[in-house]
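The values are calculated or read from the model by the stated rules, or taken from the named source; none is laboratory data. Quick caveat, the model's predicted, so the values are computed rather than measured. FYI the Cβ positions are ideal-geometry reconstructions off the backbone, even for glycines, and counts take in every protein chain you see.
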Amino acid sequence: MEIIALQGHKKEGSGKVSARKIRRDGMTPAVMYKSGGGEAVQFNLDPRDFRELVYSAKFRMVDITLDGKMHKCILKALQFHPVTDTVIHLDFLELVPGKKFKLEVPIRFEGTAPGVKAGGKFLPNMRSIKIIATPENVVDAMTANISNMELGSTIRVRDISPVEGIEIINTGAVPIASIEIPRALKTAAAK
């Protein structure tokens with residue numbers, strides 16, 4: 001799993017006025033919560049440092065250094081400016097060893113579907129899935145095997161390969177991908 005290292009700078013003050021000043025100085029306000037409760041820590045980040053974390057489909061862990069102390073975290077939420085689309089705030093969750101937490105990871109499809117070889121179109125319905133894990137068992141993606149999918153078939157959440165120490169939150173009956181039968185094949189079958 002990829003880990004991105006970020007250098008945080010302690011935030012002085014709180015509220016809208018303080019956040020505006022931080023943004024004017026070219027930094028982005030952020031907050032780090034502890035899983036299981038505790039006091040939130042407010043700090044600032046340089047926007048150039050977290051670009052790989054925000055603008056990527058990959059799930060990555062984050063090592064944030066604040067006052068010389070390292071914190072293992074995940075990105076929990078972020079806010080974009082409504083007009084400029086720049087990141088205006090980040091929320092991190094500090095991970096505690098052995099303590100379970102919720103996260104969303106991408107779904108990776110593996111294999112070649114016979115339905116696609118027969119002329120069907122592969123349509124993914126979901127790009128990510130919600131799971132519960134401990135920091136020791138975190139995965140960067142969940143894998144769904146599509147090598148048994150024929151024309152018109154659907155793969156569901158319950159068909160995702162189970163991973164030890166990971167619990168899937170999404171309902172098992174929810175479809176994650178399907179193979180659509182193209183109109184040309186439907187017409188040919190009707191004749």
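Odds and ends about this structure:
- Just one of (1) in a strand (DSSP E or B); (2) of a type in the set (Gly, Ala, Ser); (3) loosely packed, with under 13 Cβ neighbours inside 10 Å fails for Gly172. It is (1).
- Residue selected from the range 160-191 under the condition at pLDDT 85 or above and charged (D, E, K, R), by the criterion farthest from Asn137 (Cα to Cα): Glu180
- Annotation note: Cβ proximity below 7 Å between a residue of the range 106-119 that is on the phi < 0 side of the Ramachandran plot and a residue that is acidic (Asp, Glu) (sequence gap 6+ or interchain) occurs for Pro114/Glu150; Gly115/Glu150.
Quick grid of which residues meet (1) free of Cβ contacts under 8 Å to residues at least 40 places away in the same chain; (2) in contact with a helix residue (DSSP H, G or I) (Cβ under 9 Å, 6 or more places away or on another chain); (3) crowded, with 18+ Cβ neighbours inside 10 Å; (4) in the same structural domain as Ser18 (by TED's automatic domain parsing):
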site: Ile64; (1), (2), (3), (4): no, no, yes, yes
site: Lys69; (1), (2), (3), (4): yes, no, no, yes
site: Cys73; (1), (2), (3), (4): no, no, yes, yes
site: Ala77; (1), (2), (3), (4): yes, no, no, yes
site: Val83; (1), (2), (3), (4): yes, no, no, yes
site: Val87; (1), (2), (3), (4): no, yes, yes, yes
site: Phe92; (1), (2), (3), (4): no, no, yes, yes
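- Beta carbons closer than 9 Å, at least 6 apart along the sequence or on distinct chains, pair a first residue in the range 165-182 that is more than 25 Å from Gly152 (Cα to Cα) with a second that is among the small types (Gly, Ala, Ser) and surrounded by 14 or more Cβ atoms within 10 Å (Cβ to Cβ) for Gly165/Ala133; Ile166/Ala133; Glu167/Ala133.
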